[in-house]
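Written below as structure tokens is the structure these notes are about.
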Amino acid sequence: MSVKLRACSACQRNGRLTCRRTRLGEQCLKTYPLECVDLMNRAKVAFRAGRTLEEDFRLAQLEAVVRMLEEHECDFVDALGRDLHKPRFETILSELILVKNEALYAVSNLKRWMQPQHVERNLSTTLDECLVVSEPLGVVFIIGTWCSPVQTCLVPLVGAIASGNCAIISPSECTAHTTELLHRLIPFYLDNECFHVILLATNDLHEVVELKFDHVFFTGNREEGIRIAQAAARTLAPVTLILGGKNPCYVDQHCDIATTAQRITWARFHNAGQSLVAPDYILCHTDVKARLVQALKCCLMQFYGSDPRESRSYGRMVNLEFFTRTRDILWRSGKVAVGGQVIEAEKYIAPTILTEVTEPDPIMQKDIVGPVLPVLTVNDLDEAIDFINKQEKPLCVYAYSSDSKVITRIMSETSSGSFCSNDSILQSLMVALPFGGVGASGMGSYHGRNSFDTFSHRKSCLIRSTRFECVTYLRYPPYEDRNLSLMTWASTLSHRSQGWCHIL
């Protein structure tokens, strides 16, 4: 569902019916969806009135988020089932519980987070206060994605609420039932002036970003993230980008193959592979390839049976666009070791493992947001590290090995948004760990205290008195060599005793 946009008469005559322009005299000026402007104005008024500043207000809104998830658990399960054929187990575990944990963690720690942070003083500020105050940014724009439509909207919202902001949320148009549910429930549970849900088409997002939000939080693919960042840059709005990427998974010859296969299979194929944090491809030692592929096949049989299409634990692609994209990449890459079946009418792609994959194959050139797992081989750890480092920096790197030296090398010699050894995805679910990308996989981080800091401005504050002017007068003109000598002596002395001191 998309907000309708106006076009000026001149642009309409040229066939540009969604150019976001209107006629004003002889000029054709850019305008925006009227609903967006109205909601943003309401949020700005509420923020300037100080509605979000009090701790009690923030706690009440966070507790309301928890109530919403608890009281409408069945509705969320039903909506995600309709949109993604997502099993109830996965919806509760990876969507609802994750958001509830974030909200409850914020409730427990909010008082401490809101307190000013006192910093070390030097000689010149011994009798003054030096502190950092976390203040809210204002009105923030949160853009969720279709792979995890609840948590990618609500986890950032928890951070925005905790830090005292107003927020406008734009869920994905691809998950229509979940989006409609959020649109209906959030006004019922949260403050109607401070928090809003707007229904936008993907192509309209970068236009709305130009409304000059105080922060833009985007989760999604790299191409759209670039457009969002460019639009935000035009108003100097800070951005957090959580982007996809080809997450490598190294499997060493020294590891528990059975356990490794189970954990990789679950991580890759839950939600029918539609995850930004799932392992994207395996780099395994040549000596373990045959055993690993066989173990992966056994896990697929154990998890989803001989026909995953009949399994209640296996999902579907979100729409025909992503179905077709994944199917075409699958058919043009490597050799199918297991799976490969597709049914367009059901948007069904069987969980598939590919072998004999080479680096130039299409599946190694594009992000996989679907149930396909390529297996490549390397001769040693050095080759695996070199392979990973030749690619763009991923959102996650995974390594499976019983050798701690191997784990340490992968962790320290590769760069990624996050790292996990001997498991997958769990690092992205930890409330106390920051989660975000680096380089091509994004910028900024969130979860727990990191969400609070992301949506806050840490303001430096020095609270001084007018005492000791008998010393500070040395900084004033007319400048004299004697005064400079005294200041230099005082600064050098303080540097020796407790760090560089400004007499200013």
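Details
- Cross-link partners for residue 459 among the aspartates and glutamates, with Cα-Cα distance under 19 Å and sequence neighbours closer than 8 places in the same chain left out: 54, 55, 120, 128, 129, 135, 214.
- Taking the Cα centre of the chain as reference, the dipole from Cβ charges on Lys and Arg (+1) and Asp and Glu (-1) amounts to some 1020 debye.
- C-alpha long axis of helix 481-498 to longest principal axis of the chain, angle in °: 50 degrees
- The translational diffusion coefficient of the chain, from Stokes-Einstein at 37 °C and 0.692 mPa s with a Kirkwood hydrodynamic radius over alpha carbon pairs, comes to 130 µm²/s.
- The alpha carbons of the range 280-377 stretch over 39, 30, 16 Å along the principal axes, in descending order.
- Cα-based helix-to-principal-axis angle, 151-162 vs the chain, degrees rounded to 10: 20 degrees
- Protection-proxy order for peptides 182-193, 280-291, each taking the mean of Cβ atoms within 10 Å per residue, highest first: 280-291, 182-193
- Label-point gap, in nm, between residue 121 and residue 312 - each point 7 angstrom along Cα→Cβ: 6.6 nm
- With a threshold of 29 Å on the Cα-Cα distance, the over-threshold entries among 100/347; 335/390; 44/366 are 100/347; 44/366.
- Protection proxy ranking of 131-141, 318-328 - average other beta-carbon atoms within 10 Å, highest first: 131-141, 318-328
- A crude spin-label estimate for the pair residue 75 and residue 469, with each label 7 Å from Cα along the Cβ direction, gives 6.4 nm.
- Per-peptide packing, taken as the mean over residues of other Cβ atoms within 10 Å, places 149-155, 379-385 in the sequence 149-155, 379-385 from highest down.
- Here the dipole of the range 248-415 is about 500 debye; that uses its Cα centre as origin and unit charges on the Cβ of Lys and Arg (positive) and Asp and Glu (negative).
Just so you know, all these numbers are worked out from the coordinates, no wet-lab data involved. Note that the structure is a prediction, hence the values are computed from the model and not measured. Reconstructed Cβ throughout: ideal geometry from the backbone, glycine too, with neighbour counts over all protein chains shown.
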